[in-house]
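Worksheet: the structure to be examined is printed underneath.
The values are calculated or read from the model by the stated rules, or taken from the named source; none is laboratory data. As the structure is a computational prediction, the values presented were derived from the model and not from experiment. Cβ atoms come from the backbone with ideal geometry, glycine included; neighbour counts cover every protein chain shown.
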């Protein structure tokens, strides 16, 4: 069963549970929003999305939630931040397991050696090389930070 079918199944389960218990309403609304976005992208592409493409959609929603949490916390809107945090945890359950920082660092180090990159100006090349390998398994901000550290550290 594909990722889209899993999401659809979990959405149906949340709908049934929300009829009995109001606690599932956040889960239901989050999954409905995600399915709507998947459908919009499919309409735009005029084809069914692969699991990798669905992960990209989920990843975009996760990024939006993280930004919203930061914003709400900045303005001390903790109730809204908690709601966004619940939505974030629901969305993260559909992402592949995240790599540890050491694993990310190893992949970046290998790419740097293979490319012969040695200066901070090579950062774009290194990012272009490693991001497809880390897609969905590592946060881009963390990858960016580690690439910068490794390139500056190798001078």
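What are the residues in the stretch 104-124 that are under 23 Å from residue 60 (Cα atoms) and exposed (fewer than 14 other Cβ atoms within 10 Å of the Cβ), if any?
124 - this is the single residue of the stretch 104-124 that is under 23 Å from residue 60 (Cα atoms) and exposed (fewer than 14 other Cβ atoms within 10 Å of the Cβ).
Step by step: first the residues of the stretch 1-33, then only those that are in contact with a helix residue (DSSP H, G or I) (Cβ under 9 Å, 6 or more places away or on another chain) and in contact (Cβ under 8 Å) with a residue 60 or more places away in the chain, then the one that is nearest to residue 97 (Cα to Cα). Which residue is that?
So the residue we want is 3.
Do we have residue 84 as loosely packed, with under 14 Cβ neighbours inside 10 Å and part of a helix (DSSP H, G or I) here?
Spelling it out, it is not the case that residue 84 is loosely packed, with under 14 Cβ neighbours inside 10 Å and part of a helix (DSSP H, G or I).
Would the stretch 41-62 turn up any residue that is within 20 Å of residue 134 (Cα to Cα), part of a loop (DSSP other than H, G, I, E, B) and modelled with pLDDT under 95?
Yes, the stretch 41-62 has at least one match.
Take the conditions in the same structural domain as residue 32 (by TED's automatic domain parsing) and out of contact with any strand residue (DSSP E or B) (no Cβ under 6 Å at 6 or more places or on another chain) and apply them to residue 131. Does it pass?
Judged against the criteria, residue 131 is not a match.
Determine, yes or no, whether residue 56 is surrounded by fewer than 17 Cβ atoms within 10 Å (Cβ to Cβ), under 14 Å from the mean Cα position of the chain (by Cα), assigned by TED's automatic domain parsing to the domain that holds residue 33 and under 16 Å from residue 34 (Cα atoms).
For residue 56, the condition - surrounded by fewer than 17 Cβ atoms within 10 Å (Cβ to Cβ), under 14 Å from the mean Cα position of the chain (by Cα), assigned by TED's automatic domain parsing to the domain that holds residue 33 and under 16 Å from residue 34 (Cα atoms) - is met.
Here is a check on your reading of the model: is residue 31 within 21 Å of residue 137 (Cβ to Cβ), crowded, with 17+ Cβ neighbours inside 10 Å, under 19 Å from the mean Cα position of the chain (by Cα) and not assigned by TED's automatic domain parsing to the domain that holds residue 139?
No: the conditions fail for residue 31.
Could you count how many residues in the stretch 87-103 are within 14 Å of the chain's Cα centre (by Cα) and either free of Cβ contacts under 8 Å to residues at least 24 places away in the same chain or in a loop (DSSP other than H, G, I, E, B) (or both)?
Residues flagged as within 14 Å of the chain's Cα centre (by Cα) and either free of Cβ contacts under 8 Å to residues at least 24 places away in the same chain or in a loop (DSSP other than H, G, I, E, B) (or both) within the stretch 87-103 amount to 8.
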